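Okay, structure first, notes after.
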Amino acid sequence: MKAMILAAGRGERLKPLTDTVPKPLIQVGGGTLIEHHLERLADAGIEQVVINVSWLAERIEAFLGDGSAYGLEIRYSREPEGPLETAGGIRRALPLLGKEPFLLISGDILTHCRLRPLIESPLAGSAHLVLVDNPDHHRKGDFHLADGGRVEKTGRPRLTYSGIAVVNPKLFEPLPDGIELPLRKILEPEIDAGRVTGTYYPGLWLDVGTPGRLASARFLDAMGAAG
C-alpha cells in the first residue's frame, strides 16, 4: 500500500513562522512534523509515499529528497499557489497513487496511532477513517461511530476525524484535475450510502495548527510522550 501525506497548506494560523518555514518542516523535538510521519510509515512497512506540496514546495523537496534517508521512495505532487484542498489535492496526485487503496495522513498532526493495522486490513468500503476524541477547538466533532464500525453523520457521541484514513482512489477519479474541494464533500455521500467505516483511537493526537497547539506538541515531546 502507498501512503499520501497532505503537506500543501500554507499554515496561515502559524504565521509569521510559516512565512519562511513550510509547516511540514516545523521542528517538534528531534525532528520535523513530516519526519515523524515518515518514520512511522517506514516502521509500518510502507515503501512508497506521495507528498503534495505548494507553499515553499522547493524547500520541502530539498529537505526530504527522494526519501532514501528514511527508507522510503518519495514522490511529489505539485499544486498551484493556493492549494487545491484535500480532495482536489488527492485528485491531482492520482497518477502517482495508482489504482489501489492508499493510506492518507494530514501532515500537521502529531500522533502515536498505529498504522500497520490500517494498511494490513482490507478496505471493506470506500474509506476507513480514524476518529479521535473531540479536542477543545472542535467540541462538536465530525461523525458518529456506530455499532459495527460504521461512520454516520448524525448520532451521539460524536468524534473528530483525525486526518488519518484509508481511501479508495476511485472516489476521486470523476473529479476534474485542478478542482478545489474538501474531502468531506466526497465522504458524505459515501457515508450516506453506508460505505465508510471507522476506528476509534484514544491515544496521543494533536492538530498542530496554531502556536498554542505547537507549544503543546513540543512540551509533550520534551516530556517523552510524543515520538
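Here are a few things to note about the model shown:
- Ellipticity estimate at 222 nm from DSSP helix runs (n ≥ 4, -39,500 (n - 2.57)) divided over the chain, nearest 500: -8000 deg cm²/dmol
- Trypsin sites (Lys or Arg not before Pro) restricted to DSSP loop in region 120-227 with at most 12 other C-beta within 10 Å: ARG139, LYS140
- GluC sites (Glu not before Pro) within region 21-94: DSSP coil, no more than 10 neighbouring Cβ in 10 Å: GLU81
- Fraction of beta bridges assigned by DSSP in region 3-222 that are antiparallel (%, nearest 5): 50
- Linear extension gain, LYS185 paired with GLU61, 0.36 nm per residue minus alpha-carbon span: 41.7 nm
- Net charge dipole size for region 3-222 [Lys, Arg +1 and Asp, Glu -1 on Cβ; Debye, nearest 20]: 500
- Average 1/r across all pairs of distinct alpha carbons in region 36-115, invert it, and you get the Kirkwood radius: 13.4 Å.
- Neighbourhood net charge (10 Å Cβ-Cβ; Lys/Arg +1, Asp/Glu -1) for GLU173: +3
- Computed over the chain: relative contact order in percent, which uses C-alpha pairs under 8 Å that are six or more apart: 24
- Amide H contacts of LEU204 (H built 1.01 Å from N, in plane; Pro and chain starts excluded): HIS112 sit under 5 Å, all sequence-distant by 5 or more or on other chains.
- For GLY45, the shell of other residues with beta-carbons less than 15 Å away shows a net charge of -2, using +1 for Lys and Arg and -1 for Asp and Glu.
Here, each number is a calculation from the coordinates, and none is a lab measurement. What you are looking at is a predicted structure, and each value in this text was computed from that prediction instead of being measured. Here Cβ is always computed from backbone atoms with ideal geometry, including for glycine, and neighbour counts include all displayed protein chains.
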